[in-house]
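Report on the structure given below.
The values are calculated or read from the model by the stated rules, or taken from the named source; none is laboratory data. The shown structure was predicted, so the numbers you read here are calculated from the model rather than taken from an experiment. Reconstructed Cβ throughout: ideal geometry from the backbone, glycine too, with neighbour counts over all protein chains shown.
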Amino acid sequence: MKQLKPLLFTSALLIAVSFLVPSLLVLPFSKEKTTVELDEQPAKLPPKKTAQPATQPSAEVAVYRTTTKSVEKLPLEEYVVGVVASEMPADFEEEALKAQALTARTYIVNQLVNPENSQVPENANVTDTVLHQVFKNKNELKLQWGKDFEWRLEKIVKAVKATEGKVLTYHNKPITASFFSTSNGYTESAEDYWDKPVPYLKSVESPWDSHSPKFNDQKVISVKEFQQRLNVNIEKSGDVGTITARTPGKKVAAVTIGGKSFTGREVREKLDLKSTDFKWERKGNSIIINTKGYGHGVGMSQYGANGMAKEGKKFDDIVTHYYQGVSISNASQFFDKTVASTQ
């Protein structure tokens, strides 16, 4: 028992020391004032990124419908389908339809980029008439085509899809993509019809048009009506006029009638002729007028395009023939410069 007492004393001493040492370490700092405490704040995670659409919304076209006097809004590509279907026969070659789709899309993109160039009713981009481009929606086309609606629409949609998002540009700007039905064998330079030179709208040969059903036309009017429309008198002189100049496109540039001078375009508009390549003769009390071609003659000939396609030419061959020095570009680059969508 005596031996156990020193052992118990030693153990008790060790336990006491084990409690005393931490107190001694903390005690020297216990009277000091706290200056900074360890802060704890949950970290702020960066906000999650929302998924961005893969592509920009497509452009929207507002068409003034002249019959209902209302504005119809639709996606650009759907509008192009309605224009191609209205402006070119669906039984034309696919490459010709593709070329027409390019011109139709280029025309409307140019209007969207330059709205000040378009005189249309408020809240509209274009009308549905020849003032801009003829347009019919699917319901109107179904009524027009009847049982042929499905195959015709399918063919046109295919042509539009093949050129989707593409436009014709000159120096990186959408061109004025004018087109018409049938030439007299040559297209007309812009300055010879509109009195304004356009570098890519120059006269080119278009021999395929001779196969067009609209290549030749004849109109008969009375001498009295002829004089009234032109405000001339040919009764006394017996002279029905003289062509004094022709354009590089072989159309009438100037003509004198009854002592008055007219441009070919003035005569065409006053007499409501198919083209400015005209000639006439008087037989009794009638004036018999013969014309070649149909339309203003500037830009792409539709029947010429179809003739080129029948010979195996592709749509890019067609458009670069009728529009000199142009390129085929992406239309999306111009959407940033205008209102791409009202969504």
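Restricting to region 326-338, give me the number of residues that are out of contact with any Ser or Thr (no Cβ under 7 Å at 6 or more places or on another chain) and surrounded by fewer than 19 Cβ atoms within 10 Å (Cβ to Cβ).
7
Return the residues of region 84-130 that are touching a residue at least 60 places away in the same chain (Cβ under 8 Å), within 20 Å of residue 158 (Cβ to Cβ) and hydroxyl-bearing (Ser, Thr, Tyr); say none if nothing qualifies.
Result: 103, 106.
Pull up region 121-175, narrow it to residues that are charged (D, E, K, R) and under 18 Å from residue 60 (Cα atoms), then point me to the one that is surrounded by the most Cβ atoms within 10 Å (Cβ to Cβ).
The extreme case among them is 128.
Cβ contacts < 7 Å: first residue assigned by TED's automatic domain parsing to the domain that holds residue 279, restricted to region 237-248; second residue β-branched (Val, Ile, Thr) and part of a loop (DSSP other than H, G, I, E, B), any location; separation 6+ or different chain. Result?
The qualifying pairs are 240/234.
Restricting to strands (runs of 3 or more DSSP E) lying wholly in region 255-325: which have 3 or more residues that are surrounded by fewer than 21 Cβ atoms within 10 Å (Cβ to Cβ), at negative phi and not polar (S, T, N, Q)?
Fully inside region 255-325 and qualifying: 278-283.
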